[in-house]
Each structure stands twice: as C-alpha cells, then as structure tokens.
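> Quick one: structure below, then a few questions.
The values are calculated or read from the model by the stated rules, or taken from the named source; none is laboratory data. No experiment lies behind these values; they were computed from the predicted model shown. Backbone-built Cβ (ideal geometry, glycine too); neighbour counts: all protein chains shown. Accessible surface is based on the protein model in full, side chains and every heavy atom, while ligands, DNA and RNA are left aside. Shrake-Rupley method; radii C 1.70, N 1.55, O 1.52, S 1.80 Å.
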Amino acid sequence: MTNNVSADVDEPTPEKPSKRQRQAGHIADAASVGIKVLLVKIIALGVLDALALTAIFILLAQREWLVIGVVVVATGLINWIYLGKRKLPAKYLTPGVIFLLIFQVFVLGYTAYIGFTNYGTGHNGTKEQAVSALMSSALERVEDSPTYAVTVLEQGDTLNLLVTEPNGEVMVGNAETPLHPVDNAQMDGGKAVGLDGYTALTFQEILAQSDAITALSVPASEDPNDGALRTPDGTSGYLYVSNLEYDEAAGTMTDTATGTVYTDNGSGAFTADDGQQLLPGWQVVVGADNFVRALTDESIRGPLVYVTIWTFVFAIVSVATTFFLGLFLAIVFNDMRMRGRKFYRVLMILPYAFPSFLSALVWAGMMNESFGFINQVLLGGAAVPWLTDPTLAKVSILIVNLWLGFPYMFLVCTGALQSIPEELQEAATVDGAKPWAVFRLIKLPLLLVSLAPLLIASFAFNFNNFNLIYMLTNGGPRDSSAPIPVGHTDILISMVYKVAFTGQTRDYGLASAFTILIFIVVAIISIISFRKTKALEDLN
Amino acid sequence: MMVKKKGLLAAGAVAVVATLALAGCASGGSDAPAGDKPSASSAGTLTVWVDAERVDALKGAAASYTEKTGVEVKLVSKDNNTIKDDFIQQVPTGKGPDITMGAHDWAGELSTNGVVAPLELGDSAANYLPIAIDAATYEGSVYLLPYAVENIAVLRNADLIPEPAANFDDMIAKGKAAGLEQPFVVEQGAEGNPYHLYPFQTGFGAPVFGTNDKGYDATDLQIGSAGGEQFATWLGAQGKNGTGVFNTDIDGEIAKQAFLDGKAAFWLTGPWNVGAAIDGGINVAIDTVPSPTGEVASPFAGVKGFYLSAESKNKVAANDFLVNYIGTEEVQLELFKAGNVLPALKAAAETASADPIIAGFAAVGAQAVPMPAIPAMGAVWQYWGIAEADVINGADPVATWQKLAADVQAAINK
C-alpha cells in the first residue's frame, strides 16, 4: 500500500523505467485476475449449460415441450447476461430472481390455480384417464365362467385370440369377429399354440404390445350379453361383460344394467339427471366455487368463525407474551450489576436451540392428564386436564408457545438494547427522569423502531404456526358438536389441513382457496402494521 | 474491489448452477421412478414401490422374474406413510410406478381416484385365505394381490396368567386375582381408537356397515343399531366413571410400557408389537379377544398386498409378475420373513403357522372381518373415535352413540 501511495506522489524519481515496469505489472495483474474470473465464469456456465442440456434430453423423452422452452430461454438468458460486458446489475440480480421465480412465484401461482379447480379425491386426472378407469372397473367377469387358455396371434396388424376351452374345443376371434371354432390348430399339451396363416406372439412381443393386448376384447358370440373374452396376461383369458357403455360423440356413459345415462355436464364427472356422479371424474376449472364454499358452506362456516377468533387471539397473545418476557429478561441481563450473565443467557437460549416440533411433542407428553410429568411429579398426582379441557388446552398452548418463543425475543431485544447509546439514558437521568419513564419514553420507542418489523413477522409466523398445534394438541380436544372434525385449539391452518387432507376424501381445491384467503388476511395485517411502523420511524 | 466482485460473481454462478441443478433434479427425480416406457429393443421395465422393510424380501423374486422374462423389475423403497398419497398424485401424471404395495382398505380411495386397475386372479383365487380375497375385492372386482393378513389379538403374559381368559369379565377377574391394578391395556388416546375397540363392538352384534353380494354396502349403516347402543352403554360402564378398564390417557406407548413392566397381563395389540414384548423378556401367549358378551369378538383384518396402476404401460408383465410370481409360496414366505405377518396364500400360511405366535394370530384372524374399504368409511373414522372417547370419559352413552350415527349418516349423504 505504501508503495502505491509513494508511486502516485507526483515527484520526479530517477527510476522512470521501473515506474513503467510497475504500471505494466499492474496491468498484467489486472488481466490475470480477469482471466481467473473469466475461467470461473466459463466453468460455471459450462456446468450450467451441461445440466440444462441433460435436463432437455430427459424432458425431450417425456415430451414436456413447455418446460423445455422455459429451460432453453432461462439458460440462454443466463449465458447472455454473464458473458456480456455490461449488465452489471443483472449479474447480481439474476440468481435471486431465479430463486424467487421457482420457490415463490411458481408455488403461489400454482396454489392459486388449484384454488380454482376441483382437484381432490375423485377428480384427480384427465377425462381420458377417468373414462379408461371407469371402463376397466365396469368389467365384470361372467359368473361361473371358466379360465380359458389363450394364445395371442397376429395376422397383419390385427390381433387375434386363439382360445382353448376347458373341454378342448379350439376357437379364434378378434375385436371385430366373434369367436368361432377352428379345427386345424397346432396343439401343445392340450393347449392350442398356433394356427395356419397367423403368427403366434412370443412373450416378449406380447409385452411390446401390452396396451393393445390388454385392451383387446373378443366377443364370445354375436350376442353382446354373452360377454367378451379378454386376457390380462396374454396366456389366460376370461369372459367379461361391461356394465358401462361410453358414447364418445355424445359424451355420455350409460349403465347397461339400469339404463341410467350419465352426461358430462362440465362439472368434472359423468352426472345423472338426479345428480348422482360416476367416480372417478376429472379435473376441471370451477371458477370461484371453492371460495364461495369456503365462506358459505354451513358445516364450515360455524367453526370458521370461532377458529378465526382463536387464531387471532393465539397469534396476538403469543407475540405479546413472548415479546414482553423476552424484553424483560433482556433488560435484566443487560444490567452490568447482574452476575453470571453469560451463564444465564446460554440457559435462556436453550428452548430456542431445540427443534420446536420436538419440544411440542415432549410438552404433550409432560401434560398428559394421568401420566404426565407435570401432574405426576410437580403437582403430586393432581389430574389437571392440561390438554383435554377446552379452555385449559388453549392456556397450555400459549404457555408452551411462550416457552418456545421468548428466547428469540430475548435475543433480538438484547441486541437492540445494546445499540441504544448510553448517553441517552445518562442525559435523561440528569434531567431527573425515573427509570420507568426512561424505559417507557425513551428506550421502548427506540426499540420498537427496529423491532416492530420483527413483531409483525412473528405475528405472521404464529398465525400459521401449524407445527405447534399439530404436535401439541392436534387441534384437540375435539369439538364433538361441530359437524366437521375440528377441535377447540385448531387455528385456521390446522383446520384447513383437517378439512382438506384428513380422512379418505381430499379436497386440494378447497384447501388452496383457504390458503389464499389466509394469505390475504396476513398480507392485509402486515401492510397495515408496516404503515404504522413508518410512523414510529418518524420519531428519529 | 476486484476480489469482492470476483467472489460475488462466483457465488452468483454457484447459486445459478445450484438452481438449475435443483430444477434438473426435480425433473430428473420425478422421472427416475417412471422408467416405465418399454423400449422397442428390451422387454421393458416394471417399477414397483415397496415399503422400506420389504425391499430385500422382494429382491429375489424380482431377479428371478427378470431372468425368466427379460423384464427388468425396479424396486423403489418408499416410506409407508406417504406411499398412498404419492401414488394417487403421481399416477395421473403418468410418472407413477406400475405396481405399488399397499393396504386393502385403500381400495375405495384409489378406485375413486381412478388410479388402480382390477386384477384377474383366475383360478388361483382359491389358493388364498378367504378373508384375503374378501378384503381384496372392492365393488365386485379384485384390486389387490394379497400377501399378508394382519389383525389384532390379545397378548397375554403367561408368567402372570397361565390360562387364557374365558370372557372379558373373567380376564379382569384373573388379573385382579394376580394382584394387578390394571390387568388389561389397550391403546386409546384423546381421540379414541375405534380400530382397537372394534372387537368388543362386534361382540354386541353392531358392525359398521351391512353387507351385500359385492361386499360392504355404504347405504346400509349399521353402527347406530340397538347393539351399538348396548356396546356404548357397556363401554361407558368400563370407562372413567365405571371400572376404569378403558382410559383415553393410555396411548400406544403407555400401554406397551405397562405390559413390559408386568403391570398389565393382557394387551390388545397387533403383531407389530410382539417383537418388543418378546425382547422385553415377557413369556407371550396369543389369545382370542375375550368377548364382553357370549358372542364372538371379531377384530378388523387388514390385508396387505400389491395394486396395479391404471396408467401402467406394461400391464401384461405387471399382471404376470403379480399373479404368477408374488402369488407363489416361495415369495409369500420371503415376505413373511421380512414382516412376520401371516401370509395370505394358504400354503404359505400353513408353513408360517409352525410358529406359535403366528398360529395364535391366525386363529384370531379366522374370526376377523375385513376392514371396510369403501370411501364412506372415511366419514365413520372421523367421528367414531371421538364418540368412543367421550363415552369412556363419562358422556351419556346412548345419546352420544345416536349423535355418532347421525353425524356419520349426514357425512355420507353429503
């Protein structure tokens, strides 16, 4: 450094060539660093391009054209940005923007999309899949019909079944021609294995045409009521009749036994006139139905009100109690007169260091009414229903959350307190202010300037604190008067989880609609709170 | 300045690469279990999802099948808790497996979602235990190739109580005579546990659903019958305000500990807990469930097996592999060794019953009824346990039971 400074000093020196040499050296240095950067850049981009290429090949095999497009455009853009000379801001922003797009924007957008569909149990795939699933489950084996030994024969492009009946009679047929007897079949141990003019398929060839062979249905006779012969494995065949008939042009399914016609009326399933649906159905966009249902469904509306109230109480009280306990302890341990502060501080942080869901489980065990540590050891066998009484369960949740949450507040308060200059307190004391007044009028407002955003974040976190509720009480005790499985300590997110994901009927559409509603609530509260926080900042 | 910029650039580049790698993994990852597109040259691949404990047991069958047919069998180890949801979500995208391991009571949900195809066992159906075939049948079609039948039974500490109990009251009396405060334990919990209480309910002649020729009939809800109310009354008398035999504070862990400590001599549980009891040095005997009435107390039977994906591109091989390979005594015994649960194939079940514990569970299983696989059962589960827990904790039994029946009916009609 000193050399550089002296070199810059504009004073004649006898070592002119050496100055030029130094300048040349600097340029060379700069150039060599540039080469290193360039190398890293090229290698990194090379790795990236190679990965992108692999991804494209994999996607190509699956014909995911849209994703391929995205990968190509993204990779091209990244190469253009980092190989170019200017565009410095873009070089810094790109990684963040990519993460943002993948992990935030895409997830949000997809959730919103699902919120407008009927995705859930019974509406899980596409219409074609639903039709094929319905048709295959509608097949019923003809009662008391035997197992037929079957050989798959090919004639041109047509697949035929060569059937040996249990009584030894040999028949052949294909999708158009019903089974008819033949007498010149080649036999092998009582089973017909070949026929002149046809090629018998080997097992490998059968596997290669798996779909066509399992779909092959050979009518047993001209009368459809006799059923059709199908083979699931290419070696044995069974007679089936189908209970459903699909008319693709009309978009209807007809139950052949009862004659009921099920129509595709746009609701995502074949529906009869009386509203009965054939499941599986398929996914369709249903507009705002899920949102309307979330807010008006009778079975949800009742519990929704008190669950919402409790969610707010839980989030606000949790933030308030943890903040004030954390602040109190921070002030206490910030006092120089306190001995063993470091030891206590470590002790304080411990709850913060354990994974919260684990702690919640441990607390759930300790609060068990008959066998828990608290009742058995601390309270000498008192049967306090910590988690099974509706009110006490709420108190327990707040206590546990206080235990889990105060160390965080303690940490941030300690930090914030130490950033307040001592002079302020001294000046106030000299002016005759009492400690409480100093705290209330000077320290707290200054603290809130830096802590208010954290309190808002903490509110948002507790508003959706699924872990704690799920692990500690699982929403219980159950409200047995409610028509849906909701408990007295359920918050919105855990109620959504129960409504949408427990039991055998999932409703991802409804769950997504709820998620968006919760998101809107939290967003509005955060915006209002941040506005208020700005007022605090004006204090400075 | 230069150094800082270089560092940042490098970090940026690493981040970008990581992102793309993640994106690549995401697509590559979901692609990995797919591999089900039969290429023209080879006979193709079967992807089978197996729960982690049984992967090794299937390796032999997979290898021998590959050897015989040239079809590669790819076993993918999955977490048992997520296998069903993953299957339902992945099959419609065409990326799911060809075959998945599962429990029989998933059949309704899987079929409603259109992700499973029916199987045809043909004449081999007669080779399986009748209860396995009953359980594997949903709406008249067989959806599951069964490999194991699982049910609960009473584990008895034979050192404390040498003789099996004749009935429920006898069991409690025997335990009290041996000086035990809580002779009998069964897993409950704050939300009850109807699976473990079901044998007593059947003792009062109150099944959940009636049956027709296709299996359980969702339109015939039987739970609220007179027998159900009698059961509720009896349950209330054995609860908090009665004898205290049933206690919702006793969960699985507490019940296990009580039995291992010798504080309880009878434990109503499944084969999955036998290992722990034997390891704990308990002389375990397996008894049928002591009935509170004179009738047989039938537990639920759960049947485990393999489902065929509706979107499998290789259905012929999948059918062949399931019916002709998994359905052999050899493979069923391999699977039995991995899980110690009674095999579903008759011949294998007989071999496995040489073990007195397995024979004990098999004897109880002979009285068992398949757990309903109909989706309407979901509506029952969500109210059933909580109603039982309420009754145990002192709620009016008959009124609670009537509300249960009404809630379930309303949920089914919805």
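> Could you work out how far apart the two model spin labels at B:GLU163 and B:ASP85 are, taking each label as a point 7 Å from the Cα in the direction of the beta carbon, and quote it in nm?
Between B:GLU163 and B:ASP85, the label points sit 5.0 nm apart.
> Return the Rg/Rh value of segment A:127-278, two decimal places, where both radii are evaluated on C-alpha atoms and Rh is the Kirkwood radius. Present the calculation step by step, with values, prior to reporting the outcome.
Values: Rg = 17.5 Å, Rh = 16.7 Å.
Here Rg/Rh amounts to 1.04.
> Helix-only estimate, please: 222 nm mean residue ellipticity of chain A, summing -39500 (n - 2.57) across DSSP H runs of length 4 or more and dividing by its residues, to the nearest 500.
Details: 19 runs with 297 residues, N = 540.
Taking each H run of at least 4 residues, the total per residue is -18000 deg cm²/dmol.
> Based on Cβ point charges of +1 for Lys and Arg and -1 for Asp and Glu, what charge dipole magnitude is obtained for chain B about its Cα centre, in debye rounded to the nearest 20? The partial results should precede the final answer.
Working: 25 positive and 47 negative charges, 313 e Å.
I would put it at about 1500 debye.
> Is any residue of segment A:348-376 close enough, with backbone N under 20 Å, to a label point placed 7 angstrom from the Cα of B:GLN257 along the Cα-Cβ axis, and if so, which?
Under cut-off, by backbone N: A:358-376.
> Explain nothing, just the number: dipole magnitude of the protein assembly as shown about its Cα centre with +1 on each Lys and Arg Cβ and -1 on each Asp and Glu Cβ, in debye rounded to the nearest 20. Show your work: numbers first, answer last.
Numbers: 57 positive and 94 negative charges, 1346 e Å.
So the dipole magnitude of the protein assembly as shown works out to roughly 6460 debye.
> Could you tell me which of B:PHE200, B:THR269, B:GLY60 has its Cα farthest along the dipole of chain B towards the positive end, charges placed at Cβ (Lys, Arg +1; Asp, Glu -1), taken about the Cα centre?
B:GLY60
> Report the residues of segment A:276-306 in range of a label on A:ASP255: point 7 Å along Cα→C-beta, backbone N strictly under 13 Å from it.
Backbone N within reach: A:276-279.
> Something else about it: Kindly state, to the nearest 0.05, the FRET efficiency for B:LYS240 paired with A:VAL362, given R0 = 35 Å and r defined as their beta-carbon distance.
Numbers: r = 26 Å, r/R0 = 0.74.
About 0.85, to the nearest 0.05.
> For labels at A:PHE501 and B:ALA354 in the simple 7 Å Cα→Cβ model, what's the distance in nm?
The answer from the label model is 4.6 nm.
> Provide Rg and Dmax in Å for segment A:483-540, with only Cα atoms included in the calculation.
Answer for segment A:483-540, Rg first and Dmax second: 16.9, 57 Å.
> Sticking with this structure for a sec: Under a straight-distance cross-link criterion of Cα-Cα below 19 Å, which aspartates and glutamates are reachable from B:LYS403, leaving out those fewer than 8 residues away in the same chain?
Answer for B:LYS403, where 19 Å is the Cα cut-off: A:GLU298, A:ASP479, B:GLU191, B:ASP220, B:GLU229, B:GLU388, B:ASP390, listed by chain and number.
> So with the 1.4 Å probe, I'd like the accessible area per residue for chain A, rounded to whole Å². Display every interim value, and only then the final one.
Numbers: 29410 Å² over 540 residues.
I get 54 Å² per residue for chain A.
> Pairs B:LYS176/B:LYS263; B:LYS256/B:LYS346; B:LYS74/B:LYS346: which exceed 20 Å Cα-Cα? Working shown, then result.
Details: B:LYS176/B:LYS263 11 Å; B:LYS256/B:LYS346 31 Å; B:LYS74/B:LYS346 28 Å.
From B:LYS176/B:LYS263; B:LYS256/B:LYS346; B:LYS74/B:LYS346, over 20 Å: B:LYS256/B:LYS346; B:LYS74/B:LYS346.
> Quickly estimate the mean residue ellipticity at 222 nm for chain B, helices only: each DSSP H run with n ≥ 4 gives -39500 (n - 2.57), and the total goes over all residues, rounded to 500.
Numbers: 16 runs with 182 residues, N = 414.
Using -39500 (n - 2.57) per qualifying helix, the result is -13500 deg cm²/dmol.
> So what J values fall out for segment A:352-359 if you push phi through Karplus, 6.51 cos²θ - 1.76 cosθ + 1.60 with θ = phi - 60°, rounded to Hz, Gly and Pro as x?
5, 7, 7, x, 5, 5, 5, 4
> A follow-up question, please. What percent do you get for the relative contact order of chain A when only Cα pairs under 8 Å and 6+ apart count?
Across chain A, relative contact order equals 14 percent.
> If I take every Cα pair under 8 Å that is 6 or more residues apart in chain B, average their sequence separation and divide by the length, what percent do I get for the relative contact order?
25
> With a 1.4 Å probe and every protein chain kept in, tell me what percent of the accessible surface of segment A:127-278 is carbon plus sulfur.
Details: 3460 of 7390 Å².
Here it works out to 47 percent.
> Further question on the same structure: Using 19 Å as the Cα-Cα cut-off, could you pick out the over-long pairs in A:LYS41/A:LYS85; B:LYS95/B:LYS304; B:LYS304/B:LYS337?
On the way: A:LYS41/A:LYS85 13 Å; B:LYS95/B:LYS304 23 Å; B:LYS304/B:LYS337 15 Å.
In this structure, B:LYS95/B:LYS304 exceed 19 Å between Cα atoms.
> Interface size between chain B and chain A, please: total buried accessible area, 1.4 Å probe, rounded to the nearest 100 Å². Numbers along the way, then the final one.
On the way: alone 18150 and 32300 Å², together 44650 Å².
Summing both chains' loss of accessible area gives about 5800 Å².
> Straight-line reach from A:LYS443: which lysines fall under 30 Å, measuring Cα to Cα and dropping same-chain residues less than 8 apart?
Qualifying lysines at Cα under 30 Å: A:LYS342, A:LYS434, A:LYS532, A:LYS534.
> Of A:PHE106, A:SER356, A:VAL307, which is farthest towards the positive pole of chain A's charge dipole, taken about the Cα centre with +1 and -1 on the beta-carbons of Lys, Arg and Asp, Glu respectively?
Final value for the positive-end residue is A:SER356.
> When the scattering of segment A:89-129 is computed by the Debye formula from its Cα atoms alone, each counted once and equally, what is log10 I(q)/I(0) at q = 0.18, 0.20, 0.25 Å⁻¹?
Treating every Cα as an identical point scatterer, log10 I(q)/I(0) equals -0.64, -0.70, -0.84.
> Oh, and also: Heavy-atom accessible surface, probe 1.4 Å, ligands and DNA/RNA ignored: which residues of segment B:314-333 lose at least 50 Å² versus the isolated chain?
B:VAL316
> Return the distance in nm (one decimal) between the two label points of a simple spin-label model at A:VAL40 and A:GLN277, each offset 7 Å from Cα along Cα→Cβ.
About 5.6 nm separates the two model spin labels.
> Just in segment B:240-340: which GluC sites (Glu not before Pro) are loop by DSSP and have at most 16 other Cβ atoms within 10 Å? Walk me through the numbers before you get to the answer.
Values: sites: B:GLU253, B:GLU295, B:GLU311, B:GLU329, B:GLU330, B:GLU334; in loops: B:GLU295, B:GLU311.
Taking segment B:240-340 and a limit of 16 other Cβ atoms within 10 Å, the loop GluC sites (Glu not before Pro) found are B:GLU295.
> How big is the dipole moment of segment A:34-115 about its Cα centre under a simple scheme where the beta carbon of each Lys and Arg is +1, that of each Asp and Glu is -1, and everything else is neutral? Debye, nearest 20, please.
On the way: 7 positive and 2 negative charges, 92 e Å.
With Lys and Arg at +1 and Asp and Glu at -1, about 440 debye.
> Can you work out D for the protein assembly as shown in µm² s⁻¹ from Stokes-Einstein, where Rh is the Kirkwood radius over C-alpha pairs, the temperature is 4 °C and the viscosity is 1.567 mPa s? Working shown, then result.
Working: Rh = 33.2 Å.
Estimated via Stokes-Einstein, D reaches 39 µm²/s.
> Tell me the angle of helix B:376-392 to the major Cα principal axis of chain B, expressed in degrees between 0 and 90 and rounded to the nearest ten.
40
> What part of the accessible area of segment A:34-115, given as a whole %, is carbon or sulfur when the probe is 1.4 angstrom?
Details: 4350 of 5380 Å².
Carbon with sulfur: 81 percent of the solvent-accessible area.
> At R0 = 51 Å, how high is the FRET efficiency between A:ASP389 and A:ASN184 if r is their beta carbon distance? Nearest 0.05 is fine. Working shown, then result.
Numbers: r = 84 Å, r/R0 = 1.66.
That pair, A:ASP389 with A:ASN184, gives E of 0.05.
> What aspartates and glutamates does B:LYS174 reach when the alpha-carbon gap must be under 12 Å and sequence neighbours fewer than 8 apart in one chain are set aside?
Of all the aspartates and glutamates, those that pass the test against B:LYS174 - Cα under 12 Å, at least 8 places apart if same chain - are B:GLU163.
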